[in-house]
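The values are calculated or read from the model by the stated rules, or taken from the named source; none is laboratory data. Worth saying up front: this structure is predicted, and the values here are computed from it rather than measured. All Cβ positions, glycine included, derive from the backbone under ideal geometry; neighbour counts span all protein chains shown. Accessible surface areas use protein heavy atoms only, side chains included; no ligands, DNA or RNA. Shrake-Rupley method; radii C 1.70, N 1.55, O 1.52, S 1.80 Å.
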Amino acid sequence: MATLLSLCANVAKAVGAQTPTAIISSTDQTAQRMFQAIKQECNFLVRRFAWSALRREATITTVASTASYALESDFHRVVDDTAWDNNNHWQMGGSATAQEWQFFKRATATRPVTRRRFRLMWNPSTKTRQIFIDPTPSDVATLYYDYVSNQYCQATGGGALKAEWSVDTDVPLLDDDLIELGVKYRYLRARGLPHASEHQEYRAALLRAIGSDKPARTVDFSGSETRAFQLPDGNFQL
């Protein structure tokens, strides 16, 4: 299993640099550059795609007269179109834009008040970013949404998940080979060395990894319907 140290050592060998024997505690310039490159790469990958290894499900239990709720400690971003009101079996709208939110809160036009929507906003009271629900809940309800975690590595042996490497034996949750390719081109670029071919190889590998992590649906042009029936969103009984 790849570790922080082995990933950096593999890249060092590939670029002809001195192989580091430690990363976190090392004062060696090569090790420090490798460490910087691997942190940049992993943070980039978290932002780039909603990898299955980073997807989590969050649950909100509403409280009457309470509009805002804390995000998960490892929250990076919501996965689009995954927020659901479990009590009413409806998909929630959002994340609302600033313009939509002002309309929801200020407009006098008649609108459904049972369909919930949400927005991520800064809460001045808690001095944190939180998820706001509209209409403000008047009951106890269970809401769900998927999110992308910022924890891209973990302690070896299935230990604690982490948002940053902290020991040389930490292991990645994302693809080892992809990380190595990304660190390789980033290291060369930081040194001012030619890296165009390495960057091209990395970009191709990144697209393949995304395709493998999220296989495309089969498109049937025959006009046949494989499912027995289809119904729109809503509360239905058969």
For this session: Using the charge dipole of the range 55-214 (Lys, Arg: +1 at Cβ; Asp, Glu: -1 at Cβ; taken about the Cα centre), state which of THR61, TRP165, ILE131 has its Cα farthest towards the positive end.
Result: ILE131
Exercise. How big is the charge dipole of the range 14-81 about its Cα centre, in debye rounded to the nearest 20, if each Lys and Arg gets +1 on its Cβ and each Asp and Glu gets -1 on its Cβ?
Worked result: 180 debye
For this session: Report relative contact order for the range 1-141 in percent, whole number only (criteria: Cα-Cα under 8 Å, sequence separation at least 6).
Result: 22 percent
Exercise. Amide H neighbours of TRP90 under 5 Å, counting only residues 5+ apart in sequence or on other chains, H built in-plane at 1.01 Å?
Worked result: ASP85
Exercise. Looking only at GluC sites (Glu not before Pro) in DSSP loops with at most 12 other Cβ atoms within 10 Å, what is the longest site-free stretch of the chain?
Worked result: 1-163
For this session: Please list, or write none, the lysines whose alpha carbon is within less than 28 Å of the alpha carbon of LYS162, excluding same-chain residues fewer than 8 places away.
Result: LYS13, LYS39, LYS127, LYS184, LYS214
Seminar exercise, completed: Note on the range 101-159: contact order normalised by length, alpha-carbon pairs under 8 Å, 6 or more apart, percent, works out to 23 percent
Exercise. Taking only the alpha-carbon atoms of the chain, what semi-axes of the equivalent ellipsoid follow from 5 times the gyration tensor eigenvalues under a square root, in whole Å, largest first?
Worked result: 42, 24, 16
For this session: Could you state the accessible area per residue of the range 39-177 in Å², with a 1.4 Å probe and every protein chain left in place?
Result: 53 Å²
Exercise. Under unit Cβ charges (Lys, Arg +1; Asp, Glu -1), what dipole magnitude, rounded to 20 debye, does the chain have relative to its Cα centre?
Worked result: 760 debye
For this session: Report the one residue of TYR144, ALA98, TRP122 whose Cα lies farthest in the direction of the positive end of the charge dipole of the range 97-159 (charges on C-beta: Lys and Arg +1, Asp and Glu -1; origin at the Cα centre).
Result: ALA98
Exercise. If one takes the longest principal axis of the Cα atoms in the chain, at what angle in degrees, from 0 to 90 and to the nearest 10, does the Cα axis of helix 29-48 lie?
Worked result: 20 degrees
Seminar exercise, completed: Spelling it out for LEU173: with amide H atoms placed in the peptide plane at 1.01 Å from N, the residues 5 or more places away or on another chain with amide H under 5 Å from its amide H are CYS153, GLN154
Seminar exercise, completed: Taking trypsin sites (Lys or Arg not before Pro) as exposed when in a DSSP loop with at most 11 other Cβ atoms inside 10 Å, the chain has its longest clean stretch at 1-126
Exercise. How long are the three semi-axes of the equivalent ellipsoid of the range 100-187, in whole Å, if each is the root of 5 times an eigenvalue of the C-alpha gyration tensor, listed from largest down?
Worked result: 42, 16, 13
Exercise. Rg (Å, one decimal) plus Dmax (Å, integer) for the alpha carbons of the range 1-81?
Worked result: 19.0, 62
For this session: Take the Cα pairs of the range 148-187, get the Kirkwood Rh, then feed it into Stokes-Einstein at 4 °C and 1.567 mPa s and tell me D in µm²/s.
Result: 120 µm²/s
For this session: Could you check what % of the DSSP bridge pairs in the chain are antiparallel, to the nearest 5?
Result: 95 percent
For this session: Quantify, in whole percent, the carbon and sulfur part of the accessible surface of the chain (1.4 Å probe; protein heavy atoms only).
Result: 50 percent
Problem set entry | Within the range 1-126: Cβ-based charge dipole about Cα centre, in debye rounded to nearest 20 (Lys, Arg +1; Asp, Glu -1) | 380 debye
Exercise. How high is the relative contact order of the chain, in percent, counting Cα pairs under 8 Å that sit 6 or more residues apart?
Worked result: 27 percent
